[in-house]
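Structure, as structure tokens:
The values are calculated or read from the model by the stated rules, or taken from the named source; none is laboratory data. Just so it is clear, the structure is predicted and the values come from calculations on it, not from any experiment. Note that we place each Cβ from the backbone using ideal geometry, even for glycine, and neighbour counts take in every protein chain shown. When the accessible area is computed, the model is the full protein with side chains, heavy atoms only, and any ligands, DNA or RNA have been set aside. Shrake-Rupley method; radii C 1.70, N 1.55, O 1.52, S 1.80 Å.
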Amino acid sequence: MNITTVAEGIYQLSVNVENILFEGLWEIPNGVSLNSYIIKGEKTAIVDGVCGWDGVPESLFALLDKMDINPESIEYLIVNHMEPDHSGWIENFKKINSNFKVVSTAKAAELLDGFYGHTDNIIMVKDDDTLDLGNGRVLTFKEIPNVHWPDTMATFDTLTGTLFSCDAFGAFGSVTDGNYDDLLKEEEIDFYENEAVRYYSNIVGAFSLQVKKAIEKCSQLPIKIIAPGHGIVWRKNPNKILEDYERYASYSKGPAKEEITIIWGSMYGMTEKAVRYVEKVLKEEGIKVNVHQVPEDSWGTVLASVWNSTGIILAMPTYEYKMFPPVAAVLEEIGKKKVLNRKVFRFGSYGWSGGAQKELDEIVTRLRMNWEFLEPVEFKGSASEEELELIGERAKDLVKEVRNAVNK
Ligand SMILES: Cc1cc2nc3c(=O)[nH]c(=O)nc-3n(C[C@H](O)[C@H](O)[C@H](O)COP(=O)(O)O)c2cc1C
Ligand SMILES: [Fe+2]
Ligand SMILES: [Fe+2]
């Protein structure tokens, strides 16, 4: 990607990363961008850094070269967040510039020592501290702890009203040179909205309370532009991503959208037969349904759907006196990401003893998910006509519950 101009004296340098699992775990079918920003006053600062995933910063140096910026002239490295997707380049940067100052929170400074043994020339900042770059350019800082690590802060350029929000207000999805909301078509904005839900649910969903606090804090600033660490830059309508994030944060406690997500697994097709029947019933009910088979669909994909859904259907057989393991595994992760207060229906096949339901109850209780369950339907082997009908009726009851909760 090339360097682009965000606003007067502010430049964006980004690289896209594809074909990896983000955080070693999350599938990113459409990639992710790592965004870095250069801020020029009399002095130059760089906010977060761009490098390949392996930490090799050739991409950064090539981009700086194109801009005619000598890396040695960069006086401040603003580390909004120490997670290596933003800070992994510092070690290499030190090889070519030994004369810079790091600007970060005290917590990030501690992590900088822990991760890279870096302890020199650190300016620790707290809420509302300022940094004067000269030529009228003054930066201020806002701590936004736990969005996404305890060290995170946002940097605000008072001259242009640009908020460098790091992981807050970010999205998955690779970007192009035109990654500004004022240059994107409506369908492209929609694409990034889906990518934002995937990113939110996978990366920051567990910290929704802190996200809300961050939104409140940042909203006190006269924001004109939001330039996050991942995803697109909001210049025309920064309020959209603030409002979207507010909405995503509220989905943690529910209700979310008028949607149902079916998460199912099946060994020999007994449970699957009932899933197919339920899909038909839900289609007739005219509600939006997301269907995910596990382990075929990744955790990240399931989480993105579940985040948006007020209703959940779990369909799995009993396996060694417990739940079919891939459903149990994704359910644990859903619980840890704080997908709370959902309306839920579960059905599934068993052979002789059952046991899936017991484990399901245990997980939901232990993770305090506060899910409201309709009476489950379990069937021996293949579901009979009557059992299928009963499952269909319960699915319709779930639709009613979902609609009631959303339209309350
Ligand atoms: C490896 C394995 C373990 C199983 N463990 C149990 C069990 O502990 N209790 C039980 O009632 N049925 C058990 N079953 C039987 C399945 O629950 C039963 O075959 C069911 O119909 C499978 O549904 P499915 O075709 O949707 O996977 C087990 C089956 C397999 C293959
Ligand atoms: Fe992060
Ligand atoms: Fe990040």
* Asked: Rank MET82, MET67 by accessible area, highest first, at a 1.4 Å probe radius?
  -> MET67, MET82
* In a Gaussian network model over the chain where Cα atoms closer than 10 Å are linked, find which of ILE262, ILE20, ILE334 has the largest mean-square fluctuation. => ILE20
* 15 Å beta-carbon shell around LYS408, net charge (K/R +1, D/E -1) -> +3
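DSSP loop chymotrypsin sites (Phe, Trp or Tyr not before Pro) in region 258-303 with at most 14 other Cβ atoms within 10 Å of their Cβ, which ones?
Details: sites: TRP264, TYR268, TYR277, TRP299; in loops: TYR268.
For chymotrypsin sites (Phe, Trp or Tyr not before Pro) across region 258-303 that sit outside H, G, I, E and B with at most 14 neighbouring Cβ atoms in 10 Å, the list reads TYR268.
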* Please find, in a Gaussian network model of the chain (springs between Cα atoms separated by less than 10 Å), the residue of ASP68, ASP113, ASP157 whose mean-square fluctuation is greatest. => ASP68
* Could you give the accessible area per residue of region 360-408, probe 1.4 Å, as a whole number in Å²? -> 61 Å²
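Taking the DSSP beta bridges in region 4-251 as the whole, what percent of them are antiparallel, to the nearest 5?
Working: 30 of 45 bridges.
Taking every DSSP beta bridge with both residues in region 4-251, the antiparallel ones total about 65 percent.
Rounded, prolate or oblate: pick one for region 4-251, where a ≥ b ≥ c are the square roots of the eigenvalues of its C-alpha gyration tensor, a/c under 1.5 means rounded, and failing that, prolate if a/b is larger than b/c, else oblate.
Working: a/c = 1.30, a/b = 1.26, b/c = 1.04.
Note, shape of region 4-251 comes out rounded.
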* Asked: By the scheme Lys and Arg +1, Asp and Glu -1, what is the net charge of all other residues having a beta-carbon under 9 Å from that of ALA106?
  -> 0
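Which order do ARG235, ARG276, ARG394, ARG346 take when ranked by solvent-accessible area (1.4 Å probe, heavy atoms of all protein chains), largest first? Each step should come with its number before you reach the end.
Working: ARG235 65, ARG276 110, ARG394 45, ARG346 0 Å².
Highest to lowest solvent-accessible surface, that is ARG276, ARG235, ARG394, ARG346.
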